[in-house]
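A.B. asks: Input: one structure, supplied below.
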């Protein structure tokens, strides 16, 4: 049985497990740095502050629950994907949708750079000899992930299922073992005295801890952005994947927070919080290294979330004329080639600019995603208000509360991270919006000129002139004129001559008359020894409204022979496109071996 094209497309789409593997690695891997971000802030207030680790984490988990429920609704309302962009476009207006899109683009790019840098940082911590090669390792990992995604999202998902399962299993094993282990078993590294005593825990400190910890929520929106990547029924599979992501992430975050308090974990220079928790729960044996290895792999592969989400978002933006239309093109295996290429190139540029240093990139992370969260939540509030299905009041209150929380988090994160590089994100967001506005206006102008959306007048034939620049009488000239005679009503051969070329001009005219091709010949004299400008001036001065310029060129038999050409045709074509309304046809003629040498006659290459 032959598989139809629709069946072939479905084969390259995602199931629930594949969706988690391809689109949730960012959120899953954030367990490695989200709890640590909370601890680093609360530790400033000593033991009193550390006592708020679990409450802050529970608040983050509550926001995660709100986001999970909200994005399940977004998936149902916007099965074409787009997430915050789709919601904002429908309910908050085009400008708000562009802000949401810009925030998602920034977050996707930063996620790739941060995830790759974090994975390599974990590797170089384990193998210090690799530290001098940090940047090259980052670029190598990025190139590998990009190559995998060029094979198709389903193929990449299959490759990432095993590392995802191992990582989730390892973190859950840490949580379970830690809950049943005697809390007095603590390593020397994790026992410190807080010499400066207790400090008052202020609201601002708690807000900052909450905002820092919300870095663990990045990637929650990726599934809603890439609904079209799932197999049918797409909405149901995507919703199941979103629910599984929210549940697993909440369990891991709360479990790690409980163990942080249970084992009195404190920040230690050069040792991650997750590493301390793992050692306290499992000891420093084989399982410790399994957890560390799984974390390294997941941090490196978490970039795949962006490769699944950004190309789909870029396709939607291109379909709405906010990005160049080439971003809407899909190659085989459902690959959005240009979206993947853009993401890889911009992420590589960030890694080079930061020299592969994770700490340089992390302050830029998570600002943009909270802007998208807030707009998505606000859009869903308007959705419930306008549609008012059964139970809409509770859903509206839930999304309204979520919008308030994520809005506060966005402000706090932007304020606290501004001088650490957050200003760059706050500059890039309006710049991206302006670029998309400019692209949209350009497409509007083109559409207006083409009369898109209007029924044009019936086509009527008109007189057409074909101008053929010629250099001599040859087979190339004969084939060019033959092609020109099939294109227009009148054909004119044009030759430009310069002072001092009288003998050459006379010889050419004599050959032309002897040949007698029944085509008008115009010889233009130019005292300034120009080639392009006289032909452009002639084309602009002809009376015909429809003018074709057919430029004959030679296609050499061997690639190296192209350096022998003078590129005159390319220069002329560029000048005619810039300065005239004529239609340019560059007719290339392949030079085949001579007869008797297994050759064929020269033939046009279109």
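The values are calculated or read from the model by the stated rules, or taken from the named source; none is laboratory data. Predicted model, so just to flag it, every value in this text is computed and none were measured. Quick reminder, even Gly has a Cβ in these numbers, built from the backbone with ideal geometry, and neighbours come from all protein chains shown.
A.B. asks: Please verify whether residue 381 is touching a residue at least 12 places away in the same chain (Cβ under 8 Å), assigned by TED's automatic domain parsing to the domain that holds residue 113 and either within 18 Å of residue 414 (Cα to Cα) or not in a helix (DSSP H, G or I) (or both), treating the condition exactly as stated.
C.D. replies: no
A.B. asks: Okay, next question. Can you tell which of 103, 96, 70 is crowded, with 17+ Cβ neighbours inside 10 Å, over 15 Å from the mean Cα position of the chain (by Cα) and under 20 Å from residue 26 (Cβ atoms)?
C.D. replies: 70
A.B. asks: Hey, does the stretch 457-466 have a residue that's in contact (Cβ under 8 Å) with a residue 24 or more places away in the chain, surrounded by 15 or more Cβ atoms within 10 Å (Cβ to Cβ) and not in a strand (DSSP E or B)?
C.D. replies: No, every residue in the stretch 457-466 fails to be in contact (Cβ under 8 Å) with a residue 24 or more places away in the chain, surrounded by 15 or more Cβ atoms within 10 Å (Cβ to Cβ) and not in a strand (DSSP E or B).
Results for (1) over 23 Å from residue 105 (Cβ atoms); (2) touching a helix residue (DSSP H, G or I) at 6+ places or on another chain (Cβ under 8 Å), shown as yes or no for each residue.
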site	(1), (2)
272	yes, yes
276	yes, yes
281	yes, yes
306	no, yes
311	no, yes
316	no, yes
325	no, yes
345	no, no
352	no, yes
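A.B. asks: So residue 471 fits all but one of (1) part of a helix (DSSP H, G or I); (2) in contact (Cβ under 8 Å) with a residue 24 or more places away in the chain; (3) more than 26 Å from residue 66 (Cα to Cα); what number is the exception?
C.D. replies: Looking at each condition in turn, residue 471 falls short on (1).
A.B. asks: Right, here's the next one. Given (1) closer than 25 Å to residue 20 by Cα; (2) surrounded by fewer than 24 Cβ atoms within 10 Å (Cβ to Cβ); (3) in contact (Cβ under 8 Å) with a residue 12 or more places away in the chain; (4) more than 30 Å from the chain's Cα centre (by Cα), identify the lone condition not met by residue 278.
C.D. replies: (2)
A.B. asks: Continuing with the same structure: Inspect the stretch 435-446 for any residue being surrounded by 17 or more Cβ atoms within 10 Å (Cβ to Cβ), touching a strand residue (DSSP E or B) at 6+ places or on another chain (Cβ under 8 Å) and modelled with pLDDT of 90 or more and give the result as yes or no.
C.D. replies: Within the stretch 435-446 (the criterion being surrounded by 17 or more Cβ atoms within 10 Å (Cβ to Cβ), touching a strand residue (DSSP E or B) at 6+ places or on another chain (Cβ under 8 Å) and modelled with pLDDT of 90 or more), the answer is no, since none of the residues qualifies.
A.B. asks: Something else now. Residue under question is residue 173, and the condition is that it be modelled with pLDDT of 90 or more, farther than 30 Å from residue 46 by Cβ, touching a strand residue (DSSP E or B) at 6+ places or on another chain (Cβ under 8 Å) and in the same structural domain as residue 52 (by TED's automatic domain parsing); does it hold?
C.D. replies: Spelling it out, it is not the case that residue 173 is modelled with pLDDT of 90 or more, farther than 30 Å from residue 46 by Cβ, touching a strand residue (DSSP E or B) at 6+ places or on another chain (Cβ under 8 Å) and in the same structural domain as residue 52 (by TED's automatic domain parsing).
A.B. asks: Being buried (at least 24 other Cβ atoms within 10 Å of the Cβ) and over 22 Å from residue 211 (Cβ atoms) is the requirement here; does residue 34 meet it?
C.D. replies: In short, no.
A.B. asks: Just name the residue that is modelled with the lowest pLDDT out of those in the stretch 550-570 that are in contact with a strand residue (DSSP E or B) (Cβ under 9 Å, 6 or more places away or on another chain) and in a loop (DSSP other than H, G, I, E, B).
C.D. replies: Here the answer is 565.
A.B. asks: Can you pull out every residue in the stretch 507-548 that is within 19 Å of residue 490 (Cα to Cα) and in a loop (DSSP other than H, G, I, E, B)?
C.D. replies: If the condition is that a residue be within 19 Å of residue 490 (Cα to Cα) and in a loop (DSSP other than H, G, I, E, B), then 516, 517, 518, 519, 542, 543, 544, 545 are the ones that fit.
A.B. asks: Another one. Identify the residue in the stretch 474-506 that is touching a residue at least 60 places away in the same chain (Cβ under 8 Å) and part of a helix (DSSP H, G or I) and, among all such residues, is surrounded by the fewest Cβ atoms within 10 Å (Cβ to Cβ).
C.D. replies: Selected residue: 475.
A.B. asks: Can you tell me which residue is farthest from residue 578 (Cα to Cα) among those in the stretch 510-521 that are touching a strand residue (DSSP E or B) at 6+ places or on another chain (Cβ under 6 Å) and surrounded by 14 or more Cβ atoms within 10 Å (Cβ to Cβ)?
C.D. replies: Once the filter is applied, the top-ranked residue is 512.
A.B. asks: Can you confirm whether the stretch 125-143 contains a residue that is crowded, with 19+ Cβ neighbours inside 10 Å, within 21 Å of residue 218 (Cβ to Cβ), modelled with pLDDT under 85 and in contact with a helix residue (DSSP H, G or I) (Cβ under 9 Å, 6 or more places away or on another chain)?
C.D. replies: no
A.B. asks: Can you name the number of the only condition in (1) loosely packed, with under 15 Cβ neighbours inside 10 Å; (2) farther than 28 Å from residue 135 by Cα that residue 353 fails?
C.D. replies: The one condition residue 353 does not meet is (2).
A.B. asks: Which of the residues belonging to the stretch 224-233 are crowded, with 19+ Cβ neighbours inside 10 Å, out of contact with any strand residue (DSSP E or B) (no Cβ under 7 Å at 6 or more places or on another chain) and either at pLDDT 90 or above or part of a helix (DSSP H, G or I) (or both)?
C.D. replies: 224, 225, 227
A.B. asks: Now for a separate question. Against the condition more than 15 Å from residue 27 (Cα to Cα), in the same structural domain as residue 341 (by TED's automatic domain parsing), crowded, with 24+ Cβ neighbours inside 10 Å and modelled with pLDDT of 80 or more, how does residue 258 come out, does it pass?
C.D. replies: When the stated conditions are applied, residue 258 does not pass them.
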